[in-house]
Amino acid sequence: MTTKSVQYKGNDKLLFGIILGVLAFWLFAQTTLNINVDMAKDLGMESSMMNIAVSITSLFSGIFIVVFGGLADKIGRVKMVKYGFYFSIIGSLLVGFTPVGGASGVVLILGRIFQGLSGAAIMPSSLALVKAYWEGAERQRAISLWSMGSWGGSGFAALFGGLMVGIGWRYIFFGAAAISLIGLLMIKDTPESKAEVTDNKKTDFAGIITFMLSMIGLQLLVTKGSEFGWTSPLGLTLILLTVAFALLFFKIEKGKDGAFIDFKLFNNLTFTGATISNFMINGTAGMLIVSLALLQVGGNLTAKEAGLLTLGYAISIVLFIRVGEKLLQRFGARKPMIWGSLIVGLAIILLMFTNVMTGTYKILAIISYTLFGLGLAFYATPSTDAALSNLPESQAGSGSGIYKMASSLGAAFGVAISAGVFATLNVGDNITWMEGVLTFVGRQDNVVVRQAATIALGVNLMMVVMAIVSIMVTIPKSGGKLKK
């Protein structure tokens, strides 16, 4: 139940205002997966720092999506969406105005953090508004259009970034600020929607802060650990702090009433398996940053040329997302989740053939990106259904938040790990043992870049393997729904 205006019904002005906020995050903010090479060159920034800037948006979105979703129920969903727009405008302008030189890293990362907070504020709050202000077939239409904004936006992000980078990558973020302002104006007269207050539990700030510090520490280890030196005083201190905050988080949260993350949810094996596989499959977003960087650094393609190769990804994920729903209805959740994961794995394997000529690799990339979108489309709806359909109504909200958090954190760490491996190996001499496995034809001055990409993509393939194992062990052949 929600407290809301009895007469008010959702309209297209509100819906498309919300969707602009979704697009600001998924379409505009996620262009960094493709344009990061150009941004680093223009800003004179090291690749490790740029990798942090790319992945930290998803990291902060993942950390705070549960927090902001719960807070929106208390203070108001419309108010939280507005905060999301404010965050987006601030973050986008900071990124757009990032100076060249000394302060560039601080300003860029701060802007990317605000963009992550924007996604965390807008996504759960806007979906709650759709549930509150639309009914029946109109709600289904609203959810479909909202999904098009998120899935379609993420699918077209690399292409959009590549097309815009010729004009100037800063204009992408100025555009994000502009559409956020328009979206803010479109929703400004919407009546407030809140959940009925059933308890007076306080926000779990101790859990949130310790979780955030452990995740940031882990992110720094993944992206800059080799640069710091794993056994250096700084590296060892970072490892100790990350472990310490993680242990403190578990100690605080275990058995706590109103905990930031309710560990009792993981007693449900199906929910646990679906959430783990969701984390791993979203982690394969790392294949995009590695392969697009390879095409630009090793193949001398522009960001525009590389982005155009991803068109099949965008089209297939939009066209086939409803097919995943039909497969769920016919076969249950387990089979479509495995099929989708296998297709994603095949997409990654195709990209691992970095030993071929650039022209051949471009063809492999086109096929791969299309398969990647198809695999995600098959996986998405069945996975969500498997995760949430088994939970009692009292745990549906917190379960949804944790599942969505796994999506964002998976993408954040997948990108960070893949980019970190690629950057670490993309220096020095060729990897000799790989030359005995693969014969690299064509140019020889970029062999080390191609080898680094193969290994980094292999990390993504291991994520797919772990996702499939999780599905096979935990998701029942009945599709994951409890028999009554």
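Between Phe331 and Leu438, the C-beta separation translates, for a Förster distance of 35 Å, into a calculated FRET efficiency of about 0.40. Each of Val22, Val465, Val421, Val415 has some number of other Cβ atoms within 10 Å of its Cβ, and from fewest to most they run Val465, Val421, Val22, Val415.
One chain, two ends: Asp12 and Met148. Fully extended at 0.36 nm per residue, the span grows by 47.5 nm beyond their Cα-Cα distance.
So if we plug the beta-carbon distance of Met357 and Val465 into 1/(1 + (r/R0)^6) with R0 = 30 Å, what FRET efficiency do we get, rounded to 0.05?
Once the sixth-power term is evaluated, E becomes 0.55.
Mean Kyte-Doolittle hydropathy of 0.0 or higher plus an axial Cα length of 24 Å or more: which whole DSSP H helices in the chain meet both? Span-like helices, by this rule, are 47-75, 77-96, 104-133, 170-187, 205-228, 233-253, 311-331, 334-351, 358-388, 393-425, 447-474. Each of Gly401, Ala128, Gly105 was scored by the projection of its Cα onto the charge dipole of the chain, and the greatest displacement toward the positive side belongs to Ala128; charges sit on the C-beta of Lys, Arg, Asp and Glu. Pairs from the table (Lys326/Lys404; Lys188/Lys404; Lys264/Lys326; Lys202/Lys264; Lys9/Lys404; Lys41/Lys304) lying more than 24 angstrom apart at Cα are Lys188/Lys404; Lys264/Lys326; Lys9/Lys404. What's the center-to-center distance, using Cα atoms, between the stretch 341-407 and the stretch 233-251 in Å? Using only Cα atoms to place each centre, the spacing works out to 31 Å. Computing FRET efficiency as 1/(1 + (r/R0)^6) for Ile182 and Thr302, where r is the C-beta to C-beta distance and R0 is 30 Å, gives about 0.50. Annotation: extensible slack from Glu138 through Lys41 equals 30.2 nm (criterion: 0.36 nm per residue apart, minus Cα-Cα distance).
Every number here is computed from the coordinates shown, using simple stated rules; none is lab data. Values in this document were obtained by computation on a predicted structure and should not be read as measured data. Every residue, glycine among them, receives a Cβ derived from its backbone with ideal geometry; neighbour counts consider all protein chains shown.
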